[in-house]
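Working notes, structure below.
Just so it is clear, none of the values below were taken in a lab; they were calculated from the coordinates. As the structure is a prediction and not an experimental result, all values here were calculated from the model. Counting neighbours? That spans all protein chains shown, and the Cβs are built from the backbone with ideal geometry, glycine included.
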């Protein structure tokens, strides 16, 4: 379970030494990686993600989250396209 910081640690994103990262974000990234590894195993075994319940969108969002967290800081903001959600 991800612990959410409150109170004195709620302004972590304003501290220059954090470089925009916080243990909650790092833990979320680690959990997302583990879930995606498990999803990859299921996909490799032939299971297809269900489009009708939004599973495809959820997987795509998780992958994009990790890509952005890992690499988004090295690209100028103008290079990262923004897509509108339905």
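Quick one: order 70, 44 by neighbouring beta-carbon count within 10 Å, fewest to most.
Working: 70 11, 44 8.
Going from least to most buried by this count: 44, 70.
Can you give the extra length, in nm with one decimal, that the chain gains between residue 30 and residue 51 once fully stretched, where that is 0.36 nm per residue apart less the Cα-Cα distance? Provide the component values of the computation, followed by the final result.
On the way: separation 21, 0.36 × 21 = 7.56 nm, distance 2.51 nm.
The residue 30-residue 51 span can extend by a further 5.0 nm.
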